[in-house]
Every structure is written in structure tokens, then in C-alpha cells.
Amino acid sequence: IQIPEKLAKREDLMSQWRLRQSPEGEKENPVLKLKEYLELLKKKWADLCGIENAEERQAVCDKIFEDEEEEYCLYEAVKLLMFNMAINLNDEKEEGKDVPVFVWLLFARDTCTNPMELLKNHLNQVGNSGGLEQVEMFLLGYALQVTIHVYRLYRCETDEFITFYPDDHKEDWPQVTLLTEDDRHYNVPVGKREDHKEVQES
């Protein structure tokens, strides 16, 4: 919960965070708003972990996608966790420590040579006009400490049909499953009553 304040004190890393404009048109303090969003994420996560029945858990998740404002707040909280993880991993890289290979790829792009450029050129667009690139999916997995198991439908019948983000914690982190047709837009497979299946766009 203290991440926004910690980052604000370090070279004012929060100054480039772009929140959508409030209905009143006022510019909001990103540190205060992101603390609020992290509290919401923490509460939702804890509530879901306390539900043992899978159908009840899914019903609660479905409600999140019915509330655009709440969904937006959770998006921003997850992006903050990704940003914080990127900073920590970049620090370790700069100190000469071993880091996952994706960290080198993440910061080898022309538009992303450091965490601040990651925020300005990539994370600020996620959930608004852009989605996550493949290398950022690894960062998402590390930020949430989950392995994201993706079926890449357009890669069917190739070695790349199933991909794990990241692929180095498959045995020790929980897994979530997604479907994608283009590595830019992802869908969550969900079960429906009477064994009908449908996907909910994420």
C-alpha cells in the first residue's frame, strides 16, 4: 500500500503517471488515488481468497466487469504493481545481479530503456488505447506472482500454441489461463451453467 509514496520520493517516479480525468475535470493526485486503488485490489483479492466455491468466486469476478469504474481502479493498481516490479528488477540488473531474461528484453526496446520510459510509453496506455506486449506479460506474471498459461489460437498446431508467462515458476506459482488470437487482446475462459462455455473479454 505504501508503494506510491515510496516511488514518489524516489526521483519523483510518480510524476508521469496518467490517471483519467475525474468527472469534475479536476487533476487528481496519483499517489493518493493509487493508494486507494491498491486498497481496493487488496480487499477484492482477500475477499475472493475467502470464497471456496468456484461458482461463487466466478460470480464475484463477473461483477467486477459489470462495474467500469471498479474495473478501471483495479487496472491501475495492477499496473502500479508492474511498474514497481520493473523498477526492482531494473535495479538488480544495474547492480549486476542475475535477473530473468525478459528483463533485458523489456528494457532493450527503443521506446523503453528504463522504468520511466516503460511508464510513459507503455503502461500509461494499457487499459485505455493499448494492451500488453508479450514481454510485458512476463512482467505481469512476476508482479502478481502467478504463471499466466496462454493458448495462442493463431499459433495452433505449432510449438508456440501454449505459452507460459513467465516460464520459470510453473511449479511454484498459481496458474491462470487465458486465450488470445493476436497476442494483444486476451480472453478469460469461464464456465457457465448447463456446461455452456463462453469467454469474457479482458
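Just one of the numbered conditions (1) assigned to a helix (DSSP H, G or I); (2) surrounded by fewer than 18 Cβ atoms within 10 Å (Cβ to Cβ) is not true of Ile1; which one?
Condition not satisfied by Ile1: (1).
Residue check, Thr147 against (1) of a type outside the set (A, V, I, L, M); (2) at pLDDT 95 or above; (3) more than 22 Å from Asn187 (Cβ to Cβ), all met but one. Which one?
Every condition holds for Thr147 apart from (3).
Go through (1) free of Cβ contacts under 8 Å to residues at least 60 places away in the same chain; (2) within 18 Å of the chain's Cα centre (by Cα); (3) open to solvent by 40 Å² or more (accessible area, probe 1.4 Å) one by one and return the number of the condition Met116 breaks.
Result: Met116 passes all but (1).
Take the range 80-136 and flag every residue that is farther than 16 Å from Lys6 by Cβ, part of a helix (DSSP H, G or I) and among the charged types (D, E, K, R).
Glu92, Lys93, Glu94, Glu117, Lys120, Glu136
Quick one: which of Glu76, Glu66, Glu36, Glu52 is under 20 Å from Gln2 (Cα atoms) and open to solvent by 50 Å² or more (accessible area, probe 1.4 Å)? First the steps, then the outcome.
Details: Glu76 fails: open to solvent by 50 Å² or more (accessible area, probe 1.4 Å); Glu66 fails: under 20 Å from Gln2 (Cα atoms); Glu52 fails: under 20 Å from Gln2 (Cα atoms).
So the residue among Glu76, Glu66, Glu36, Glu52 that is under 20 Å from Gln2 (Cα atoms) and open to solvent by 50 Å² or more (accessible area, probe 1.4 Å) is Glu36.
Say whether the condition of being modelled with pLDDT under 85 and outside any strand (DSSP E or B) is met by at least one residue in the range 171-184.
yes
The values are calculated or read from the model by the stated rules, or taken from the named source; none is laboratory data. Nothing here was measured: the structure is a model prediction, and the numbers come from that model. Backbone-built Cβ (ideal geometry, glycine too); neighbour counts: all protein chains shown. Surface accessibility is based on the protein's heavy atoms, side chains included, excluding ligands, DNA and RNA. Shrake-Rupley method; radii C 1.70, N 1.55, O 1.52, S 1.80 Å.
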